[in-house]
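Let me begin by presenting the structure, written as structure tokens, before commenting on it.
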Amino acid sequence: MVDLKSMLPEEVTRTLQDMGEPAFRGKQVFSWLHQGATSFDEMTNLPKALREKLKEHCPLQIPQLARKQVSQLDGTMKYLWRLSDGNCIESVLMQYHHGNTVCISSQVGCRMGCAFCASTIAGKVRDLQPSEMLDQVQFTQRDSKLPVSNIVLMGIGEPLDNLDNVLRFLQLVNHPDGMNIGMRHISLSTCGILPGIRRLAELNLQLTLSVSLHAPDGETRSKIMPVNRAYDVNDLFDVCHEYFQKTGRRISFEYAMIDGVNDNDWQADLIAKKLRGMPGHLNLIPLNDVVESPFKPSKRVGAFQKRLERHGITATVRRSLGGDIDASCGQLRRKEMEGKEGSPS
Ligand code: SAH
């Protein structure tokens, strides 16, 4: 299957030239695709015959809106998209004062196995194509009628476990002839796949790297994040320091506060020790209760934050959006897979 929307402009042009078309058609088609055209018939500056040929050779696979939930609390919108092969993924649109942010998925499911996360319960089904990541941005924007200025790769999946497709997506969404969203408006979150972080450091992209830390000591981290058995947290801290040296970009660490597991004072002290020499930022996340998980939200978020701050580490408690609509990773998709009813939109 020819996936035109995952191609760079020069590749679209080459594909069209191979079909006997002049080069300028490539730019036209690229531009339509990246404005979110849903059919070749919308591409009114193309000759009818070419539109028919494109429909036949490279049909557009448009995701269908399977479900949408809107938070009564804060207007957060959660989208469940059905892909052309029947798989479902989630995107979330959040309205922040600095702009509308869409959180997208990078894989169907996830194979990282974090013990507190709903996205990974049934494992990974497949990687998403660059076009399927773009579709989430474009169609969430279109449906919500809210212009998207920021993107976070923090939905279902591990972006660094699908790095080639993610890098291509970044190139496309950042392209001046495409959506032209600046790298500084994009965040990517990883559970800590070290070769991937090193590759990002080499590329020196201006995006914001978020690292899902969740515990500073190997023993705790291995219990809640199996990835720690492959890439130990001490090496993770080293690579984060390298990343900062190379890019000069401050890393943001995500820390879901779990009662009695990672909320002890000594863990705050250890974080401070490990971050010495780089300007880390801790994002303390009140744990979202996932029905299938034995973990409970910590009652020490404030105390932990103060302890970090006493060490000179900036720590903010993430405002939880969409708490009434299962807006945290993978929860809506799980409901759909189980055929359960979600809360009404
Ligand atoms: N795989 C990437 C992208 C997922 S981002 C990563 O691990 O970073 C989603 C963020 O939400 C991660 O920091 C993840 O650890 C966190 N998360 C998952 N389940 C959660 C829950 N139940 N409560 C709070 N945060 C959770």
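The values are calculated or read from the model by the stated rules, or taken from the named source; none is laboratory data. Everything numeric in this text was worked out from a predicted model, so none of it was measured. As a convention, Cβ positions derive from the backbone with ideal geometry for all residues, glycine included, and neighbour counts pool all protein chains shown. With ligands, DNA and RNA removed, areas are computed over all heavy atoms of the protein, side chains included. Shrake-Rupley method; radii C 1.70, N 1.55, O 1.52, S 1.80 Å.
The Cα center of segment 36-96 and the Cα center of segment 276-318 differ in position by 36 Å. When the chain is described by a simple charge dipole with +1 on each Lys and Arg Cβ and -1 on each Asp and Glu Cβ, the residue from Gly123, Gln171, Thr208 located farthest towards its positive end is Thr208.
Sparse packing (at most 12 other Cβ atoms within 10 Å of the Cβ) combined with a DSSP loop state is found for the following GluC sites (Glu not before Pro) in segment 229-296: Glu292. Annotation note: GluC sites (Glu not before Pro) in segment 22-80 located in DSSP loop regions with a Cβ neighbour count of at most 13 within 10 Å are absent. Values of log10 I(q)/I(0) for segment 1-150 across q = 0.17, 0.20 Å⁻¹ run -1.01, -1.22, by the Debye formula with one identical scatterer at each alpha carbon and no solvent. Taking 8 Å as the Cα distance limit and 6 or more residues as the minimum spacing, I'd like the relative contact order of segment 192-263 as a percentage. Relative CO of segment 192-263 lands at 46 percent.
Taking Gly109, Gly260, Gly20 as the candidate residues, the one with maximal mean-square fluctuation in a Gaussian network model of the chain, Cα springs under 10 Å, is Gly20. A Gaussian network model of the chain, with springs between Cα atoms under 10 Å, assigns the largest mean-square fluctuation among Pro147, Pro47, Pro59 to Pro47. Gain on full extension, evaluated as 0.36 nm per residue between Val125 and Arg229 minus their Cα-Cα distance, stands at 35.2 nm.
Within the listed set Ser106, Ser210, Ser222, the residue fluctuating most in the Gaussian network model of the chain (springs between alpha-carbon atoms under 10 angstrom) is Ser222. Working note: Debye formula, equal point scatterers on the alpha-carbon atoms of the chain, no solvent; log10 I(q)/I(0) at q = 0.12, 0.15 Å⁻¹ is -0.87, -1.29.
In plain terms, the bigger the Kirkwood radius, the slower the diffusion; for segment 271-312, with that radius from Cα pairs, at 10 °C and 1.306 mPa s, Stokes-Einstein puts D at 131 µm²/s. Ligands, DNA and RNA excluded, the heavy atoms of His241 present near 40 Å² of accessible surface to a 1.4 Å solvent probe.
Note on segment 68-149: along the principal axes its Cα atoms extend 34, 28, 20 Å, ordered by decreasing extent. Note on segment 1-16 and segment 157-177: Cα centroid distance 16 Å, given to the nearest whole angstrom. Placing +1 on the Cβ of every Lys and Arg and -1 on the Cβ of every Asp and Glu, with no other charges, gives segment 4-57 a dipole of roughly 80 debye about its Cα centre. Here the alpha carbons of segment 4-57 define both size measures, Rg and Dmax, at 9.8, 25 Å.
Each residue of segment 133-263 gets 117 Å³ once the volume of the Cα convex hull is shared out per residue. Largest to smallest in accessible area, the residues Trp32, Trp81 fall in the order Trp32, Trp81 (1.4 Å probe, all protein chains included). For the chain, the dipole from Cβ point charges (+1 on Lys and Arg, -1 on Asp and Glu) about the Cα centre works out to 600 debye, to the nearest 20. Using a cutoff of 8 angstrom between alpha carbon atoms and counting only pairs six or more residues apart, the relative contact order for segment 1-100 works out to 17 percent. With the simple spin-label model, which puts each label point 7 Å out from Cα in the Cβ direction, the Leu65 to Ala303 separation comes to 4.6 nm.
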